[in-house]
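A.B. asks: Got a structure for you, questions after.
Every number in this text was worked out from the coordinates using simple rules, so none of it is lab data. Please read all numbers here as calculations on a predicted model, not as lab measurements. Methodologically, a virtual Cβ is constructed for each residue, glycine included, from the backbone with ideal geometry; neighbour enumeration extends over all protein chains shown.
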Amino acid sequence: MGSLFASDALLASGWARDVLVEWDAAGIISRVEPGGEPGKHARAAGPVLPGIPNVHSHAFQRAMAGLAEFRGHPTDDFWTWREEMYRLVMRLEPEDVEAIARHLYIEMLRHGYTTVAEFHYLHNDRDGRHYEDRPEMANRIVSAAEDAGIALTLLPVLYAHGGFGHKVLSSAQRRFEGDPAFVIELLRELAAFHLPNPRLRLGVAPHSVRAVDALMLTELVDAARRFDATMPMHMHVSEQVGEVTECIETHGTTPLAWINDLVEVDDRWCFIHATHLTRIETRALGATGACVGLCPMTEANLGDGIFEFVPWFETRGPWSIGGDSHVSVSPFEELRALEYSQRLRHRVRNVIADEDAPDVAANLWLGAARGGAQSTGHPAGAIAVGRRADLVVLDGSDLDFEGLDAAATLGVALFSGNSNRVRDVMVGGTAVVSQGVHAQQEAAATAFRASLKRLRGAR
Ligand SMILES: [Zn+2]
């Protein structure tokens with residue numbers, strides 16, 4: 001049903017020359033043939049990469065990206081940033097959420113993300129009441145993703161407590177409030193209305209060890225498994241030292257050990273941040289097949305800390321990247337930040353590589369694509385038969401690519417400059433970005449601007 005001939009394509013085994021990629025009517029790749037002839041097939045205008053899933057998004061936070069950068073306190077950290085975020089939360093209406101998400105998802109596509117996992121916790125109205133139409137906010141996210149043409153994993157969040165020890169929710173947190181029954185009912189209504197849809201997966205997200213208790217966590221996971229045994233499950237874990245300390249004080253153990261004791265952790269799980277895992281936890285997690293969802297730009301912005309990537313890479317444990325607060329909408333920037341954080345930590349160059357796999361850029365791109373597909377539950381993440389034709393074409397005419405082979409091209413794209421080198425993007429074989437442009441980008445920007453005007457006018 002569709003085809004693309006690439007002079008260079010990044011396959012799971014590495015770069016290949018003269019690759020013919022064909023896909024069927026459902027947008028699933030049916031043939032990948034290196035060493036082929038272009039014939040009458042459309043020719044890619046540059047090196048072709050698998051699209052990257054963005055595994056951790058709080059879309060509404062795009063409206064405050066870069067807005068918490070004045071020091072309010074000598075120990076400004078995640079918790080003071082969160083106060084600024086809560087001020088935004090108190091003002092958002094459903095139409096704002098949809099406008100912000102639509103614009104954001106188009107930006108993501110234009111930078112090479114082809115799937116997004118939305119960690120969706122803005123469930124309730126400004127007074128903290130469930131909407132009469134329970135999935136009101138969730139439907140806005142689905143609609144934004146459909147308009148943009150990005151594949152979506154929607155993860156309704158369970159957020160029940162304002163902190164350890166069943167702490168009462170603040171007024172902003174009441175917009176997130178729900179119990180396991182609410183989340184499961186939300187899933188049922190979303191499934192009834194939107195499924196089947198090959199571009200949409202549903203999952204669940206117990207928010208964090210501070211926002212759920214043991215009973216709720218097990219109840220949610222059991223019910224979700226009965227609903228769909230393959231469902232992705234995401235959870236924030238060990239992002240903050242303060243959270244780890246409080247968890248040990250309350251439960252007598254670290255966040256991951258507490259979770260592992262209560263529920264079966266396996267390859268359907270994705271743990272977001274995982275910044276402060278101990279070596280023992282890293283080894284234990286590696287044995288489960290679960291993925292870690294790293295958000296390097298947000299973690300740097302919030303001063304969270306640095307994930308110990310080297311032991312994880314050595315085990316070839318699955319990992320993925322997320323835009324989280326959307327201070328960046330580019331996988332190139334996230335992957336660069338990930339590698340640089342490790343260089344600064346270990347004071348050596350080219351960390352995410354070894355003798356078997358020396359090409360840092362290819363390791364970063366392929367790892368994030370593969371782990372991203374696992375985390376989001378979409379058949380994506382590789383240019384391979386049976387996977388969805390989510391393809392990213394770099395601009396082969398870029399000045400900096402002159403005279404380079406494909407491997408060097410990706411290195412330049414990842415480690416130099418700030419211009420966007422993505423030219424064309426396909427999701428399931430359908431062109432969503434052509435020559436750098438998304439058909440709806442202007443209309444989406446206009447609606448986003450109107451929301452920002454209203455939201456910021458109220459500051
Ligand atoms: Zn998050």
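A.B. asks: With angles folded into 0 to 90 degrees, how steeply does helix 180-194 sit against the dominant principal axis of the chain? Use alpha carbons for both and round to 10.
C.D. replies: Between the helix axis and the principal axis of the chain, the angle is about 40 degrees.
A.B. asks: Based on the alpha-carbon gyration tensor of the stretch 50-376 and its eigenvalue square roots a ≥ b ≥ c, which shape applies: rounded if a/c is under 1.5, prolate if not and a/b is larger than b/c, or oblate?
C.D. replies: Values: a/c = 1.32, a/b = 1.24, b/c = 1.07.
Judged from the Cα gyration tensor, the stretch 50-376 comes out rounded (a/c under 1.5).
A.B. asks: Out of the GluC sites (Glu not before Pro) in the stretch 1-101, which ones are loop residues according to DSSP with at most 11 other C-beta atoms within 10 Å?
C.D. replies: Values: sites: GLU22, GLU69, GLU83, GLU84, GLU95, GLU98; in loops: GLU69.
When the GluC sites (Glu not before Pro) of the stretch 1-101 are filtered for loop state and at most 11 Cβ neighbours within 10 Å, GLU69 remain.
A.B. asks: Using a/c under 1.5 as the rounded threshold, could you call the stretch 292-391 rounded, prolate or oblate? The axes a ≥ b ≥ c are square roots of the C-alpha gyration tensor eigenvalues, and prolate needs a/b larger than b/c, oblate otherwise. Walk me through the numbers on the way to the answer.
C.D. replies: Details: a/c = 1.96, a/b = 1.26, b/c = 1.56.
Oblate shape, in that a/c is at least 1.5 and b/c is the bigger or equal ratio.
A.B. asks: Cα axis of helix 136-148 to longest principal axis of the chain: angle in degrees, 0 to 90, nearest 10?
C.D. replies: 10 degrees
A.B. asks: Antiparallel DSSP bridges in the chain: what percent, to the nearest 5? Walk me through the numbers on the way to the answer.
C.D. replies: Details: 27 of 58 bridges.
If I count the DSSP bridges inside the chain, around 45 percent turn out antiparallel.
A.B. asks: Can you tell me, using C-alpha contacts under 8 Å and at least 6 residues apart, the relative contact order of the stretch 40-188 as a whole percent?
C.D. replies: Answer for the stretch 40-188 is 26 percent.
A.B. asks: Over the chain, what relative contact order in percent results from Cα pairs under 8 Å that are six or more residues apart?
C.D. replies: Values: 951 pairs, mean separation 97.6, N = 459.
It comes to 21 percent, rounded to a whole number.
A.B. asks: Further question: Quick check for you: which residues of the stretch 420-459 have the amide N under 18 Å from the point 7 Å beyond the Cα of ARG126 toward its beta carbon?
C.D. replies: 450-459
A.B. asks: Compute the longest continuous run of the chain that contains no exposed chymotrypsin sites (Phe, Trp or Tyr not before Pro); treat a site as exposed when its DSSP state is not H, G, I, E or B and it has at most 15 other Cβ atoms within 10 Å.
C.D. replies: Details: sites that count: PHE70, TYR131.
After excluding every exposed loop site, the longest remaining stretch is 132-459.
A.B. asks: Between helix 78-89 and the chain, what is the angle of the helix's C-alpha long axis to the longest principal axis, kept within 0 to 90° and rounded to the nearest 10?
C.D. replies: That works out to roughly 90 degrees.
A.B. asks: With each run of n ≥ 4 DSSP H residues scored as -39500 (n - 2.57), what mean residue ellipticity at 222 nm is computed for the chain after dividing by its residue count and rounding to the nearest 500 deg cm²/dmol? Intermediate values should be presented prior to the final figure.
C.D. replies: Working: 14 runs with 170 residues, N = 459.
Estimated from H runs of four or more residues: -11500 deg cm²/dmol.
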